[in-house]
Each structure stands twice: as structure tokens, then as C-alpha cells.
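Asks: Pasting a structure here, questions to come.
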Amino acid sequence: MPSSSHSARSRTRDRNNVLGRPEFMSLNQPCSGGGGGGGGSSCSSSASSRRPPQIKTQASQSSDEPGAADGTAASSSSGSSSSSASSSNISTSSSIRGDKDATGRRGDPGRMPEEDCMQLNPSFRGIAMNALLAIDISLSKRTGVCAHAASSWGGCRSMVALLELTGYGITWVVGTVVCLTRSNTLAGQEVLVNLLLALLLDVLTVAGVQRLVKRRGPWEMTPGFLDYVSMDMYSFPAAHASRAAMVSKFLLSHLVLAVPLRVLLVLWAFLVGVSRVMLGKHHLTDMVCGFAMGLLHFSLMENVWLSSGTCQTIISIGTFSWSPFS
């Protein structure tokens with residue numbers, strides 16, 4: 001009996017010592033302030049003091065030291081309550097700030113953002129542009145009857161490609177230089193020098209616009225060798241159409257030709273522009289804009305027309321026979 005009672009008392013003492021540790025003392029404290037936010041903060045402080053395993057370990061180690069249990073428990077409970085209170089304040093302020101930011105972005109909860117309204121209710125101009133682009137692509141693909149050998153007009157592909165060859169910029173530049181070296185009249189040299197400058201202006205301007213727009217053709221074809229040489233690697237605007245319109249207008253204005261030749265010259269310019277569409281390398285709008293740009297180049301060259309004396313100076317510089325003291 002004495003031994004059993006002694007063991008019972010020792011177990012009771014051990015249990016009381018365990019319950020007197022700091023991690024269990026917070027469980028014995030009641031939640032103060034039943035209403036409002038006080039009770040919630042004290043209960044959350046006790047819960048937060050129980051969560052981190054690091055605080056438990058430090059508190060249990062300090063409770064084993066004599067004479068420091070009460071001070072450690074008080075400091076840990078006060079520190080945990082202050083940290084929980086600060087965390088709750090931070091969360092509350094952040095939620096309020098988030099609500100303010102969301103309200104500032106939304107403005108009126110009943111209204112939708114402007115970009116969403118534009119996407120759901122596009123303007124008439126956007127609808128018209130998209131419709132015209134869709135029609136342009138559809139008609140251009142239907143017109144590309146010589147785009148491949150298996151196309152509906154695949155047998156005429158070689159003839160259309162030969163017609164396309166007459167509209168390359170490198171072809172006209174080389175041909176103009178050859179004619180200039182063989183010309184013996186001042187009037188002929190004046191016309192050929194201005195034509196050469198107009199060709200260079202057309203090639204560089206169209207290449208620059210194509211680099212800016214970078215529109216692909218309707219069939220996404222890889223540019224050929226002559227396309228790279230002539231800097232005609234993109235679709236908009238059609239360089240062949242621009243060059244054909246400029247050359248035909250230039251020759252019609254400065255050469256005396258019979259009526260059949262004038263009709264053939266206009267027909268050639270039109271067929272050169274259409275040939276690129278038939279081969280699937282340009283859209284219809286590219287061809288139309290190319291014709292307009294060619295006429296613009298012609299008008300610009302007419303305004304800056306070089307005189308015969310200036311042309312002779314340019315020829316002398318080109319042939320390395322120019323002397324500034326002559």
C-alpha cells in the first residue's frame with residue numbers, strides 16, 4: 001500500500017509539472033473579451049504560440065532551468081500576443097489597401113474595363129477593315145491560279161513567270177545602263193539618266209515600305225534569287241506593279257510612240273502587276289497600292305527633273321572623265 005500510494009503521488013506530481021510548462025499554461029488561460037475582436041486576438045495569440053515548433057522547443061528548454069519558468073512564460077505569451085496582433089493589423093491594412101486598389105482600378109463595379117468593351121463591342125471601322133482584309137485574302141487566293149504546278153492554270157506558269165521577269169527592278173536598271181552607254185544624243189541621255197534615277201527611287205522606296213509593313217503573300221512563298229537582288233521580299237506594296245506603272249507613264253510622257261505601242265505599253269504594265277497575283281506572291285490590294293505608288297514616283301521625278309547639263313555631269317562622274325576645272 002505505501003508503495004502504491006507513493007507511485008500515485010509521484011504520477012500526480014509529474015502530471016502537475018507537465019501542465020505547469022509554458023506551452024500548456026496558455027491552454028489553461030480563458031479567452032478574454034467575449035465580444036468584438038479582443039477574444040479573437042487572444043485566442044489567435046494562443047493558437048499562434050502553439051503552432052511554431054521552434055517556440056515550443058525554446059520554451060521547454062528554458063522551463064527546465066530553475067527560477068526562469070515564470071519569466072519565460074510571461075515573455076513568450078506577451079511576445080506571441082504582440083506578434084499575432086501586429087500580423088492581424090498588417091493583414092487588415094493589406095486587405096483594405098487591396099479593396100481600395102481594386103476599387104480604383106474598376107471605378108464603378110457595374111462598368112466593364114474599356115478594353116473589354118472594345119473587344120466585345122468593336123467599332124464599325126474595325127469591322128469594316130477586318131471584312132475588307134478577309135475579302136482581299138479570299139479573292140487573292142482565288143486569283144492565284146498559277147501559284148503551283150498543280151493549280152488550275154499550272155500549265156501557263158512558265159509564261160506568266162516570263163512576264164513577271166520583265167518587271168524586276170534589276171532588269172530595268174541593267175537595261176537602262178546599257179542603253180545609256182550606247183546613246184549618242186543629249187536628249188536621249190537626259191531621258192535615260194532621269195529614268196535611271198526614277199528606277200532607283202522606286203526600288204529603294206518600295207523596299208523601305210515593305211520592310212516596315214512586312215506583309216506576307218497569300219500563299220506564304222519563299223522569295224527567289226531575283227527577289228532578294230531587287231529587295232522585293234514582302235507583299236505590300238507590289239514592287240512589280242509600282243515599277244511597271246512608273247516606267248509606262250514615264251515612257252508615254254517622254255517618247256513619241258504610235259497608238260498601238262501606247263496601248264501595248266499600258267497593257268504590259270497591267271499584266272505585269274496581275275502576273276504577281278496569279279503566281280500567288282501578292283494580294284490584290286498590294287497590286288493596287290503598287291500602281292498608285294508608281295504614279296506617285298513618276299510625279300515626284302517630274303518635279304525634280306534633271307537638266308541636260310546636270311545629266312552630262314553625272315555621266316562624266318560615272319565614267320571617271322569629269323574634271324571640276326573644265
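Asks: D for the range 133-240, whole µm²/s, Stokes-Einstein with Kirkwood Rh over alpha-carbon pairs at 20 °C and 1.002 mPa s: what number?
Replies: Rounded, D is 135 µm²/s.
Asks: Averaged across orientations, what area in nm² does the convex hull of the alpha carbons in the range 219-308 project?
Replies: Numbers: hull surface 27.3 nm².
Quarter of the Cα hull surface area: 6.8 nm².
Asks: Could you please report the charge total around L279, scoring K, R as +1 and D, E as -1 over all other residues with beta-carbon less than 11 angstrom from its beta-carbon? Provide the component values of the computation, followed by the final result.
Replies: Details: positive: R157, R276, K281; negative: E164.
Result for the local shell: +2.
Asks: Going through the range 245-326, which trypsin sites (Lys or Arg not before Pro) have at most 14 other Cβ atoms within 10 Å and a DSSP loop state?
Replies: Filter output for the range 245-326: empty list.
Asks: Next question, about the same structure. How far apart, in nm, are two points set 7 Å out from the Cα along the Cα-to-Cβ line at A258 and at T319?
Replies: 3.3
Asks: Grab the other residues whose beta carbon is less than 10 angstrom from that of W172, score K and R as +1, D and E as -1, and report the net.
Replies: Numbers: positive: R243; negative: D202.
So the environment of W172 carries a net charge of 0.
Asks: Let me ask something additional. Using a 1.4 Å probe and ignoring any ligands, DNA or RNA, find the accessible area of I317 and quote it in Å² to the nearest 10.
Replies: 90
Asks: Quick check: residue separation of L162 and A134 times 0.36 nm, minus the Cα distance between them. What number comes out in nm?
Replies: 7.1 nm
Asks: Please report the carbon-and-sulfur percent of the accessible area for the range 223-315; probe 1.4 Å, protein heavy atoms only, DNA, RNA and ligands left out. Numbers along the way, then the final one.
Replies: Values: 3180 of 4090 Å².
That share works out to 78 percent.
The values are calculated or read from the model by the stated rules, or taken from the named source; none is laboratory data. The structure presented is a predicted model; accordingly, all values stated were derived computationally and were not measured. Ideal geometry is used to build each Cβ from the backbone, glycine not excepted, and the neighbour counts take in all protein chains shown. Protein only, heavy atoms only, side chains kept; ligands, DNA and RNA dropped before computing areas. Shrake-Rupley method; radii C 1.70, N 1.55, O 1.52, S 1.80 Å.
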